Each structure stands twice: as C-alpha cells, then as structure tokens.
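Q: Quick one: this structure, given as structure tokens, is what I'll be asking you about.
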Amino acid sequence: MMPARRVLLTPWGEQLDREHPLPEHPRPQLRRDSYLNLNGVWQHAFRISARRPHDWDGPIVVPFSPEAALSGVQRQLQPGEYLHYQRSFDLPAGFGKDRTLLHFGAVDQWCRVFVNGREAGEHEGGFLPFTFDITGLCTDTGNDLHVVVCDPSDTGPGARGKQKLQPGGIWYTAQSGIWQTVWLESVPDCHVTGIELEPDLTGVTLTVRTSQPSTVTVSLGDGGRTAATGAGRSGVPLRVDIPEPRLWTPEDPHLYDLTLKTGEDEVRSYVGLRTVGVGADAHGTARLLLNGRPYFHAGVLDQGYWSDGLLTAASDEALVYDIQTMKDMGFTMVRKHIKIESLRWYHHCDRLGMLVWQDMVNGGGRYRRPVVELPAVSPVHFNDRHHRLFARQDAAARDQWLGQAAQTIDLLRNCPSVVVWVPFNEGWGQFDANAVAESVRAMDPSRPVDHASGWHDQGGGDLHSLHIYFRPFRVPRRRDPRVLALSEYGGYSLHLPDHSVSDTEFGYRRYGSPTRLAHAFRRLHTDQIIPAVPKGLSATVYTQVSDVEDETNGLLTFDRRVVKIPVTQVREVIAQLRLPAP
C-alpha cells in the first residue's frame, strides 16, 4: 500500500493535459523531424504474472509512475508484482523511412516490451534511456504496444537512488514503471546513432557514430549565420575551428547550432565552447577552472522530486522554474543528487547557464546504519575495499553499476553544463572509489571527479569533498592538494503545513518563520562560509532546492508555490561567494 500522504499539486500539475503530457522533443542534442510522442492515456494492470492480462485495471497517464498523483493511479508496485501497460498507435502518413525506432526515456527498473504480440526487447536499469528497433514488428495502423515492468526497489541490489518502500526522513516514496517520455522515430538505414563532442576554446572536435560507415558533413550556426563547416568519415574525429569563438559561461551561456548530415539523414544538435578542470590560482590554492580560469561554484543540492509527479515534472516549464529560480538566487551550480534527469533538464541548464555536478545513481544491498550515519557526527572513515561493510559484496551488481555509470557518462558528456562527475555519496553503495574515479577519468578526461562526496574519503579524485551539518564549518588545518569543496551543508528547515505532504519535519536545524530562516541563512554564510573562500574553499552545495516529503529544508516548498527566503535576499548572500582577486 502507498504510505498515507497528502496530495499537493504544483501549478503545472494543475494545468496538466492528460492526453498530451510532456510533448516536447525529449532529445535536444539529437533531433529529427520524424518524431511521434506516445505519452498520454494508456491502460494498466497490476498482476502477479508477467503474462499479458485479459483485462485492464483502468487508465494511467504516461509518463508518470503509478505511485505519482499525476498518473491517476496512486498505487505502489510491490516486489514480486508486475505492472502491465498497453496502448495502440498508428504511424502518421509519410512517417515511415527504412527503420522505425521505439525509445523509452526511463523505465524503473526492469521491463519487457512487445509490439503486436511479438517481443521487441527487454531492459534493466531504472534511470537510463533505451531503444528498440521495431521495424519488422509494426505496421502503418492498429499497432498494439504492451510493456511489462517489475521493480524490487530497495529490496534488490540495483541502482535506485533515494527510493524506499518504507520512506521517511531522507528516503522518499519508491516509484516504478515508465517515468520519462516514450516516443517513436523513423530513420534511414544509414543514420547517425550518436555524437561525441570535445569542445575547447577555439572550436570543437566531433566524432559522429553512424549505423553504417559513411561520409558526414557538419555545419555550425550562430544566430542564423554559418559559423563553420566541415566534412569527414563517421567514427573518425573531425576538427572544426570557429573564427572569433564565443565561449560558454554561466554569465553568457552561448550555444552554437549544429547540423549533421549523412546520406538521407539529417539531425540537429548544439554545442557550447568551454573547458573545465583543476589548477592553482595566483596564490597557489587548488581551484576549479572554467575556460582556464579559477571559477567559484556556488551550488545548491537538487533532488529532482515533485509533489505531484515524484521523479517526473509535470511540464517543461516546471523544469525551467527550478533552474531559473536558483539562478535568480545567485547560484551558479546545482548538484543533481542521486538522479539522472530527462535530457530536457540538461538542455535547459545548457541554455540558461547553470553548472551541473552529476551524481551517479547508488545501488547495493541494505545499507548498514553505522556506515552511512556515524560519519555525520564523528571523524570515522571506512575503507571501501571492504565490500561487505558497504553492502557491496555482490560482484554482478557492482559490474552492473559500473556499466550504468559508463552509460551515464556517454549520455551526458555532450552537455556543456555538466562539469563534475560524482560517483558515490555518503557511502551509499560505495566500493573501490579510487579505482572507480580513475575509470571515470579514463572515460572522460575532460571533467574533474568527486570520487566520494561526504563521509568516506579514500583520498582519490580531484576534490576533498565534505558534508558538514552538525558542527560549524572550518577550513581543515591539514592542507590537501585537492580542491576543497563543501559539497553539502545547511539544510535549514521551515515546515509550512499547507504546502507539505507530511506532518513530519526533517531538517538539520528548524526555524519557525520565514524571517528567522532568512536571518539564519545569512548568518551561516557570513560567519562560516564566506570567510572560508580566501582560505581555500572553492565550491559549496547548499541543501536544498525544495522540500521533499518529510524533508522540509528546501528554499522552495515541495509544491513550488512558496519561496521561503526572498530571491533578492538569497542573492545578496550568495553573491559574496567569490574568489579573491589574483
């Protein structure tokens, strides 16, 4: 059964078009005109068998999980149960080319897909997109699409994020099933399958992957004019220099349009010219670099949960609201916490100018409380090569996690906003973090790595990454050659009952009014955080963007209807987080 919680709609959930939710193209960096969105009202059924049911329990709005209010169902999928989906579709006139592809943005956690009674494929992993070629399975009209799902949630070792069947505190309602856009695409036999972009300060090196070896032409546009062109072979790096390049920064998030052609296939994308890394400032202190210069990352923790859609925002406008509000508050970075968002979210960060630290999604067995809680109040650190201590003794689950981490990097590597990879957080499913950091660096040498955010620092990666909630923050006396980051802090709570789904209040310090909260927020930064910057602090991540269920420590309420501290007051404080002059 679902835990008893109030239903709170966001402004965008109130306006939801159930027949056409989230209609935008879900893949902004690889767009074709041949696009058919399959979101909307499907049929669903909960059963104890994976076999197709003879009848259905009723409608469900895809892509909202059945646990979410916006799905219209609000029922929890239990371990051992199967959730079935069904809908029919026709291909529009003129849609068909040589191949028809069926795309899923994300399905939590295992699914098998059938088209017209024949299996299209199966997929495991709840946070990454996948595609099936259904060319030989579908016809022009009257197609039947059947998806069957199961999800062990936190009873299994798979990547699950902060989902828990018995939620509470920092753990949230488990969700299941389809939770990102489902869509069809038609492509020629020879078509672009992927792009790898390596931008720098004068241009970009592209490697275009295609279904068959082919010649590829490239055109970069800027405000309607052609900025640069090039041609080469698929699979071979192609260098394109841009005269008088305009660099991407949070203050000026300039993007160049990108058009790729191979044979009859044409796709549209974009690229931002920027570099990131680690280096010493004029005083010899290790800093994060943007375009070769030290740049302070003033960040905020972003869970990506919504009161009405859980992991799925009700609209594109809702995604933009969170990002733009944080930017208006003066933040230059968000740490996307234990979740992989839809590609549209990263697109908005790219175009609005918001740096992103990307967490990998944690998995593993049932966590030992001393391992994940004791370091919050004591200096204890455990060696993560002891896999059993971290509930990571399942070698197959470790390999699965490593594979999904590699897929995450491949999925997001072209986003200029993504600037730091974070493999592990607070010991949740952590293992061999130093080796993992080197593996991540080998896959993507262009970005720094925060190998273990929070408790169990193994000495690797590029960042000395601290979480401080229960004591005043001070720059460590012992100098660490890595970049010093306060990657979680604050978490100050203000519980507003009319805008909360729970009577429980969870936060690291509690305040009874917006005025007291604003005063405490200012005092925290004035006394502890701002003075630490000239002493070596290079990045901060305040907890957090919004309330989430029991957690009431957001700058916004869970339903996004109240900004707890006025935007201008937050901005006045965050604006003081700046690096000392050279």
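The values are calculated or read from the model by the stated rules, or taken from the named source; none is laboratory data. Everything numeric in this text was worked out from a predicted model, so none of it was measured. When we count neighbours, we look across all protein chains shown, and the Cβ atoms used for this are built from the backbone with ideal geometry, even at glycine.
Q: Name the residues in the range 73-86 that are buried (at least 19 other Cβ atoms within 10 Å of the Cβ) and in a strand (DSSP E or B), would you?
A: TYR82, LEU83, HIS84, TYR85
Q: Exactly one condition in (1) outside any helix (DSSP H, G or I); (2) under 13 Å from the mean Cα position of the chain (by Cα) is false for ILE409; which is it?
A: Among (1) outside any helix (DSSP H, G or I); (2) under 13 Å from the mean Cα position of the chain (by Cα), ILE409 violates only (1).
Q: Take the residues in the range 34-84 that are touching a residue at least 24 places away in the same chain (Cβ under 8 Å) and charged (D, E, K, R); name whichever of them is farthest from TRP12 (Cα to Cα).
A: Within the range 34-84, the match that is farthest from TRP12 (Cα to Cα) is ARG52.
Q: Within the range 87-110, track down each residue that is part of a strand (DSSP E or B) and either free of Cβ contacts under 8 Å to residues at least 60 places away in the same chain or of a type in the set (A, V, I, L, M) (or both).
A: Hits for the range 87-110 are ARG87, SER88, LEU101, LEU102, VAL107, TRP110.
Q: Turning to a different aspect of this structure: Which of the residues spanning the range 163-182 are buried (at least 22 other Cβ atoms within 10 Å of the Cβ) and either assigned by TED's automatic domain parsing to the domain that holds HIS495 or over 15 Å from SER307 (Cα atoms) (or both)?
A: Correct list: SER176, GLY177, ILE178, GLN180, THR181, VAL182.
Q: Kindly indicate the residue of the range 496-535 that is more than 16 Å from VAL573 (Cβ to Cβ) and in contact (Cβ under 8 Å) with a residue 60 or more places away in the chain and also farthest from the chain's Cα centre (by Cα) among those meeting that condition.
A: Ranking the qualifying residues of the range 496-535, first place goes to LYS535.
Q: Moving on to the next point. From the list THR155, THR226, exactly one residue is free of Cβ contacts under 8 Å to residues at least 40 places away in the same chain and either in the same structural domain as HIS20 (by TED's automatic domain parsing) or more than 30 Å from GLU81 (Cβ to Cβ) (or both). Which is it?
A: The unique qualifying residue is THR226.
Q: Give the residue that is farthest from CYS415 (Cα to Cα), with candidates limited to residues of the range 1-41 that are under 22 Å from the mean Cα position of the chain (by Cα) and among the charged types (D, E, K, R).
A: Checked the range 1-41; the qualifying residue farthest from CYS415 (Cα to Cα) is GLU24.
Q: Counting only residues that are out of contact with any helix residue (DSSP H, G or I) (no Cβ under 9 Å at 6 or more places or on another chain) and part of a loop (DSSP other than H, G, I, E, B), which one in the range 368-384 is modelled with the highest pLDDT?
A: ASN383
Q: So, in the range 438-459, exactly how many residues are surrounded by 20 or more Cβ atoms within 10 Å (Cβ to Cβ) and either more than 19 Å from the chain's Cα centre (by Cα) or not in a helix (DSSP H, G or I) (or both)?
A: Final tally of qualifying residues: 12.
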